[in-house]
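J.: Can you read through this structure? Questions will come right after.
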Amino acid sequence: MPDLSFQITGVEPAVRGMVPLMHFTVDVANTPPEQAVQSVMLQAQIQVHSNRRSYNGDEQERLADLFGEPERWGQTLRTRLWTHANVIVPGFTGSTTVALPVPCTFDLNVAATKYFYALEEGDIPLLFLFSGTVFYATPDGRIQVQQISWNAEAEYRMPVHVWKGMMEHHYPDSAWLYLQRDVFERLYAYKRRHGLTSWEDALMRLLPEAEVADPACGEVAP
């Protein structure tokens, strides 16, 4: 009866991906090693252990939207779900390596994206919780099915620069902003009414007014 263990050994962006996509390298080992595994339908729940790293002042300011003021982080800085991923592991004996594809988004309304974007350097502590189905053959050739053990997991510290580099590749010098339809229509009407040629022009005209009205924004540059 197979007993699988997992280890994350690396990560890199998909070279020719049309959308942001990361490939995590997963080493899979079976016990007993001589037993052949026909295939594995592997699922992973990926969590962010935000309380397992430190944050500088700028990062703390940007993360206030997620965790509140740093004085409260003892209660608010906790594990959060990032995403789910899956892959089919081909047949192997002993051990094998597979790339686990993880689609990413630059939507800053998504909590995980907001968290990654706020970081400047260092690593992101991740926890992979594995589940799925193992197909294997008995000595007499009968195919058997078994679920992956509930405690199969692996930790990995993903370098911040890997995520940021991937997003810069797909969205150079830009970011995505999601607006509700009614807010978008008001902004669009403002842009047309003032004869502005880009969304940046519309926002740059509006921002000084907002900054003057909100002292927390600081002094507006002339």
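The values are calculated or read from the model by the stated rules, or taken from the named source; none is laboratory data. As the structure is a computational prediction, the values presented were derived from the model and not from experiment. We place every Cβ from the backbone using ideal geometry, glycine too, and count neighbours over all the protein chains shown. We work out accessible area using only protein heavy atoms, side chains counted, and drop any ligands, DNA or RNA first. Shrake-Rupley method; radii C 1.70, N 1.55, O 1.52, S 1.80 Å.
J.: Please name all residue pairs, on different chains or six or more residues apart, with Cβ atoms under 6 Å, provided the first residue is in the stretch 144-172 and is closer than 26 Å to residue 120 by Cβ and the second residue is open to solvent by 90 Å² or more (accessible area, probe 1.4 Å) and modelled with pLDDT under 95.
T.: These pairs meet every condition: 160/121.
J.: Also, I was wondering about something else. When the residues of the stretch 195-220 are narrowed to those that are outside any helix (DSSP H, G or I) and surrounded by 11 or more Cβ atoms within 10 Å (Cβ to Cβ), which ends up modelled with the highest pLDDT?
T.: The qualifying residue modelled with the highest pLDDT is 196.
J.: Please go through the stretch 110-140 and pick out each residue that is crowded, with 19+ Cβ neighbours inside 10 Å, of a type in the set (Ser, Thr, Tyr) and part of a strand (DSSP E or B).
T.: If the condition is that a residue be crowded, with 19+ Cβ neighbours inside 10 Å, of a type in the set (Ser, Thr, Tyr) and part of a strand (DSSP E or B), then 136 is the only one that fits.
Residue-wise test of (1) within 22 Å of residue 157 (Cα to Cα); (2) buried (at least 16 other Cβ atoms within 10 Å of the Cβ).
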position: 2; (1), (2): no, yes
position: 8; (1), (2): yes, yes
position: 16; (1), (2): no, no
position: 21; (1), (2): yes, yes
position: 26; (1), (2): yes, yes
position: 33; (1), (2): no, no
position: 36; (1), (2): no, no
position: 39; (1), (2): no, no
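J.: Looking only at residues that are modelled with pLDDT of 90 or more, out of contact with any Ser or Thr (no Cβ under 7 Å at 6 or more places or on another chain) and not in a strand (DSSP E or B) in the stretch 81-109, which one is surrounded by the fewest Cβ atoms within 10 Å (Cβ to Cβ)?
T.: 94
J.: Can you go through 199, 163 and tell me which one is farther than 23 Å from residue 38 by Cα and touching a Phe, Trp or Tyr at 6+ places or on another chain (Cβ under 6 Å)? Working first, answer last.
T.: Values: 199 fails: touching a Phe, Trp or Tyr at 6+ places or on another chain (Cβ under 6 Å).
Testing whether each residue is farther than 23 Å from residue 38 by Cα and touching a Phe, Trp or Tyr at 6+ places or on another chain (Cβ under 6 Å) leaves just 163.
J.: Can you name the number of the only condition in (1) surrounded by fewer than 14 Cβ atoms within 10 Å (Cβ to Cβ); (2) in a helix (DSSP H, G or I); (3) at pLDDT 95 or above that residue 161 fails?
T.: (1)
J.: Against the condition within 16 Å of residue 129 (Cβ to Cβ), part of a loop (DSSP other than H, G, I, E, B) and over 15 Å from the mean Cα position of the chain (by Cα), how does residue 78 come out, does it pass?
T.: Here the answer is yes, as residue 78 does meet what is asked.
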